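Here is the structure we will look at.
Quick note: the coordinates plus some simple rules give every number you see, no bench work behind them. What you see is a predicted model; the values in this text were computed from it and never measured. Glycine also receives a Cβ, built like all others from the backbone with ideal geometry; neighbour counts cover every protein chain displayed.
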Amino acid sequence: MTTEGIRGNYLEHMVEEYTLHTEPYYLPIADEVEIFEAAYSLKIPVLLKGPTGCGKTRFLEYMAWRLARPVTAIRSRAHSAKDGVSLPLVTVACHEDLTSSDLVGRYLLEGDSTRWIDGPLTRAVKAGAICYLDEIVEARKDTTVLIHPLTDHRRILPVEKKGQVIEASDGFILVVSYNPGYQSAMKDLKQSTRQRFLAIEFHYPPRESEKRIIQHEGGVAEELAWELAKLGEKVRNLREHGLREGVSTRLLIYAAKLIKQGIAPRKACQVAITWPLTDDTEVQHSIEEVITSIFE
Amino acid sequence: MSQAELTRIEKKLQELSPQLHQSFQAAAPALKSRLEESDLIAWAQDGLTIAGPTSRTWEAGWEYFLASPTVAQALTSSEFAAWAQWGKLLARESPTLACSFFKASIKVVSHLSPHDLGTWAQLGKSLYQGNWRSGTLACAFFDASDTLVPHTEMLVLDHFVQFLDKLAQKSPDLALSIVGAAGEVFHEVERPDQLHFLAVASALAETSPTDVKPYLRAGSKIIAKVAPQQRARFLTLAQRLALQSGSDTLPFIIDGSWALGEIAPDLHPLLLSLAERLMALAPGLAIAFLKNSPALISRLKLEDLDTWYQEGVRLYQTTPEAGLAFFKLESSHSEALLSHLSCRVELGQIVDTLQMYVTALTGKEVGVATTDSLVKKRVGWTAQDRPTTEGMSIFLPGFVERYETKKENFTWYKVASTHQSAHIEFASFEFDFLREALVFSNLRPELAKRAKKDGHVTDLERFFDLFSERKLAKDVFTTVEDARIDARVCHEYRGLRPAYQGVQRDSVQERPPFFRLTLREAFLEILTRIGLGSEEQFNVPPKVRPHLKWCRELLSQAQLPQATVEDAAEATIRLYAILLQVPNEIAPQEDWQTAPQPGESEAPPVQDFDDPHWFDMLQEGEGGQEEEPEPDQERPEVDYRGDFKPELVQLMMKMKLAEGQQGQKPGVPMTEEELRQLLEKTAELDITMDLSGDMSQISQLFAHNILEQMGMEKMTTSEDKAPPRPQGPDRTAGEPLQEEPQTFLYDEWDFRAGDYKPRWCRVRQKPMEEGTPDFYKRTLETYSGLVAQIKRQFELLAPEGVRKVRRLPDGEDYEMDAVIEAVADAKAGTTPSEKLYWQRKKVERDVAIAFLLDMSASTAEIITESKRGSSDPIPDNPRQYLAWLQGQRTGDERRYQRIIDVEKESIVLLIKALETMGDAYGIYGFSSYGRENVEFYTIKDIGESFSDRVKRRIDKVSPMHATRMGPAIRHATSKLAAQDAKTKILFLVSDGRPQDQGYSRDGVEKEYAIHDTKMALNEAKRKQITPFCLTVDKAGHGYLKTMCEDMGYEVVTEIESLPTRILNLYRRLAF
């Protein structure tokens, strides 16, 4: 079984072997890095709360890279840019049809017989990876319950169909993310689930920090990054006044990149900010007015 | 012989009446000198003839003799004879008539040519038709002639008489009453217009006699507004109208001439020719068009007016009703076209955009409204059309039409609202006396030490108290702060900068010259212009040149990007000090023109800010003693900046804030009197405009209103945000204020015109009053069995249902049956199906429902006696009888149930069910009286959670007025549309057809109301809302079929079953 290989011109990894080779850019806003490190060393699962595109995933990538441990048995097969030191990151995007089989594993038909395939969660548990369940509330409640034994002192994963229990490997930690903003009351996280996590709250970064992020990620001049950060702040003022969510840092970076590519700033903001944000023409007009006030 | 003849005549006269004889003798000498002897005898003979055969008619003769000398004076003898001839003729017809004729002759003879005299007599005679009534009229005509004749011509008079004649046939009394007043009319209507003016009256006499008098009375003054050359045309138009539809004429003349009066006279011919063409199509069009013409002219260029007009005509030719609505400006199409063609931008169209825009800029929930609405509150602002802010909202003029294009006008709005929001964003009103300035060194602490006054409410008040000339300090501060704000905006919003500076340049152009101002005022004006970015050099009188240089420097420092409002204050201190050194006088004209000498020192006077004298000077105000010369004119505000009242705003904000903290009483304890004094001190009240009275009265008014305003807002905030406190003592204290209902405007569908009438109905939304929760409790008790059943039923249906879906290509696990089949298939050699999995699918409930309850007066109808009352036979057993009687008494109020009661009970049960389900739901009641007043009561808003208040509100649901369903449905629709649910339902419960005043043509046919309601339901449907109508009107099938067409409806025949019926329907609809 190949662990990693180049096929054609793309890279293919086994989920539990995907690691980060280079340091992802992350600008700490507060003490989230220290807290996560502490949680990791204590093996307490972490809940990342925050609006879309504010850097939750990037933060986790950064932490995975940062926390990369010394080489272990499993890891030794993997080669990494950072002296073979890395911490795999298994990401599962949750959706409403996500079943427990999708996480744990299932039998597949093979000829006349069946074969068991581990799901991503099982693999992460075995490999001692960070398992990141993105947008956990989107998953069905019966699925969410599945992670409970993994998140307390037991750290085990029952595999019902095989009649097994898997003890989590040392490096394993469960991280879930959750955007409290747009879920309806129906989709709130159950208390029995929430109360198994430490929570780190993310917000959009303040203007000054966001400027630095945009500047770095978008590769643009400081002045432009500043204007975009200002725009971000203004548009976020419209939260609850026509917009459900403020504009994400991600979109601001897209705008920056477009401008760098030579697209006129007003146009770049329109396609990267106004149109993705909302379909309401009234709100679009208002955002356009803010954009035209800031950009020539 | 002649003498004998005369003697004989005299004798006869004597016989008839001595008085007659006397009058003869009095007149004779004058006549002798004028007439030949034969003529004299003829004259006397005529008198005798006129005096007549009997002694009863001698008065005519008497009048004849009395008039004769004067008349003879003006006429030749033959003409005189002709006159006498007329007299005889008239006397033969009626002696009374002749009397009037002779009497009037004295006065009119000098105004008439001899020929006309005959015509005149003829006119009078023509009115007399041998009866008493016409005689009176003819007499009245002669009596009034002295007022008529001098102001008109015979031809007109001829027409006038014909008109009188015509009118007299309709109403003799009316005709009579008009004759007397006619003189004034002729006096006022200019001669060239008189014939046309009469023609209208004459036409009115035919079609609408009652309007004649008001027309004559008012018409003359009114038509003066029309350009003189066009009056005939206008009147001809009115005449054409009068012939077709008399009752419309007077309004047309009033509205039409008013409208023309509003428009430049050179446009009158165009408008009239357009109106004439419309008149040929239908009078209504012309009326509407002319009435609206000022609005049209002000908004459209002439070629665009033509486009608009042609469209209206085209529309009329296809659908007359639509055309009429178009010209009345009562159709969406016409408004849309008007606004498309016009370059005007109305605030209403862009208010949402601007509101979000300023919210984005400031990060606060800033409202946007018309300045008018602020002025109406009477809390200190009086200028209606200037932008301003009171710290929480931004106020802008209702429309802007400064530029040629919509885009430029919108830009002006944007600039003005950015300026106002920048006051909020860059903290103009958050001035803190103790906070340090960033650019300037801080002089305030030192000044404060020396301040004489102590105690202050706001920091700005404290700041301005430092200065002896408070108004000057305030003027300087607002000038500097405005300049700082503008500079900051241009710095922060570079995209807006070009437009902003454009508006600034235009503002500089509009500034008045400053030569005639006092030097100090001129300085302020120059500072304003510099603040607006003017790069002019400003050649000021030599003696103050160094001062100006200084001022410039200070201002530019306050305009640095990092400058704060405290810097503006520090700059104010320094500028104030400099201005005190500028003489407060008007400089001679030539001083302004002397160019600076090359060698002239422009070094500013050295100012040592540590010098204690300097501080003293500030506070003493060295120039304070001089008499301030009155400036020729007030310096106007810069238009886009509008009114900036920092102190007043800070005061109001502080009051509001304090209140927020303490909940009940204004935190700054302030009596009206204290507030009044503060207001007067601010020098920020505009006391010109429409308010009369002295300063203290006005400030009193404002103070009162501000306190009231605060009280009102306090009510609303506590209503909205804080949960109601338990019955504390403070809640009951004080006068509860009627909460101002929120109002919303909605279009109404006019099916005949096939178009909407724009903003036709005003929906006033308010929470239902609260009563007691008894009704709620009682209903639950009455229906306790049903309630338990409902709960069970609905719990079974409750959300989070999970359904197993079989045979899927992917899923949770194998579907065993499918796998076995597939294996069998594979063994048999056929291709097995790939759909081998099953999966649980969540069935999510996502329902929002709005119930609309008809609260029209007809729901007061009694439908049933309580079952207990009617169905139970009266018990024979005395004991049971007593119990029965008791029951009858306590159940008294329930004995007679009204439709509304059943509706209410249904609501109670529904709530029970809905709460079990967890669906989002709202319950509203509506009623109306006219399109202005569609009351929309919130019993439970969709977002609101169910509470005791809702229970108490149900109690107060009661029959009100009429049923204008359309706007109520539209309002409920807009509420539902804002909800984010997959299934949205609008459930209408009514007791009959829609009806309201003006909701049908002539109050008779019902089509209009039904079509509007239908359209409203259709609109809901288009917004993915499922409408459903339930009525208890047994005759409901007929109109519901039209109204709901393909939508669901139901008629409940047995009204008692309404509660269960509603529940069943709800189940059917929402699952």
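Below is a table of values for the structure above.
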{"item": "Cα long-axis angle, helix A:281-294 against chain A (0 to 90 degrees, to the nearest 10)", "result": "70 degrees"}
{"item": "Links that overshoot a 18 Å alpha carbon limit, given the list B:LYS982/B:LYS1021; A:LYS161/B:LYS827; A:LYS230/B:LYS654; B:LYS471/B:LYS549; A:LYS230/B:LYS364; B:LYS12/B:LYS32", "result": "A:LYS161/B:LYS827; A:LYS230/B:LYS654; B:LYS471/B:LYS549; B:LYS12/B:LYS32"}
{"item": "Degrees, to the nearest 10: A:32-42 long Cα axis against longest axis of chain A", "result": "10 degrees"}
{"item": "Loop trypsin sites (Lys or Arg not before Pro), segment B:352-390, which have at most 16 other Cβ atoms in a 10 Å radius of their Cβ (DSSP)", "result": "B:LYS364"}
{"item": "Unsatisfied cross-links (Cα-Cα over 32 Å) in the set B:LYS166/B:LYS1006; B:LYS376/B:LYS984; B:LYS791/B:LYS975", "result": "B:LYS166/B:LYS1006; B:LYS376/B:LYS984"}
{"item": "Cα→Cβ-extended label distance, 7 Å offset, between A:LEU27 and B:ARG759, nm", "result": "4.6 nm"}
{"item": "Mean separation of Cα contacts under 8 Å, 6 or more apart, over the residue count of chain A: relative contact order %", "result": "18 percent"}
{"item": "Segment B:359-370 - phi-based ³J(HN,Hα) in whole Hz, Karplus 6.51/-1.76/1.60, Gly and Pro as x", "result": "5, 4, 5, 8, x, 10, 7, 9, x, 10, 8, 6"}
{"item": "Residue-wise HN-Hα coupling along segment B:561-570, computed from phi with Karplus coefficients 6.51, -1.76, 1.60 (Hz; x: Gly, Pro)", "result": "x, 7, 5, 10, 5, 5, 5, 4, 5, 4"}
{"item": "Averaged over B:808-820, number of beta-carbon atoms from partner chains that fall within 10 Å", "result": "2"}
{"item": "Summed side-chain charge close to A:THR91 - residues other than A:THR91 whose Cβ falls under 10 Å, Lys, Arg +1, Asp, Glu -1", "result": "-2"}
{"item": "Listed residue (B:SER245, B:SER208, B:PRO228) projecting farthest to the positive dipole end of segment B:185-259, Cβ model", "result": "B:PRO228"}
{"item": "For peptides B:503-516, B:387-400, sequence by mean Cβ density within 10 Å, most packed first", "result": "B:387-400, B:503-516"}
{"item": "Net charge, B:LEU137 excluded, C-beta distance under 11 Å - Lys, Arg +1, Asp, Glu -1", "result": "-2"}
{"item": "Two-site FRET efficiency, B:GLU834 against B:THR743, from Cβ-Cβ distance with R₀ of 45 Å, rounded to 0.05", "result": "0.15"}
{"item": "Backbone HN-Hα couplings from phi across segment A:121-136 [Karplus 6.51/-1.76/1.60, Hz, Gly and Pro as x]", "result": "5, 4, 5, 5, 4, 5, 7, x, 9, 7, 9, 10, 9, 7, 6, 4"}
{"item": "Cut-off under 5 Å, modelled amide H: who pairs with B:ASP813 long-range", "result": "B:TRP838"}
{"item": "Amide H within-cut-off set for A:TYR18, under 5 Å, with H built and near neighbours excluded", "result": "A:LEU89"}
{"item": "Cα lying deepest toward the dipole's positive end in chain A, options A:PRO120, A:LEU27, A:ALA199, charges on Cβ", "result": "A:PRO120"}
{"item": "Length gained when the stretch B:GLN45-B:GLN589 is fully extended (0.36 nm per residue, less Cα-Cα span)", "result": "187.1 nm"}
{"item": "Chain A: angle of helix A:222-236 to the longest principal axis, Cα-based, in degrees nearest 10", "result": "80 degrees"}
{"item": "Protection proxy ranking of B:476-484, B:82-90 - average other beta-carbon atoms within 10 Å, highest first", "result": "B:476-484, B:82-90"}
{"item": "Rough spin-label spacing in nm, given labels placed 7 Å along Cα→Cβ, for B:ALA427 and A:LYS267", "result": "4.0 nm"}
{"item": "Inter-chain Cβ neighbour average for residues B:361-367, partner chain, 10 Å", "result": "3"}
{"item": "5 angstrom amide H check on B:ILE394, placed H, neighbours 5+ away", "result": "B:GLY367, B:VAL368, B:ALA369"}
{"item": "Shielding by partners, peptide B:189-197 (average Cβ within 10 angstrom, other chains)", "result": "0"}
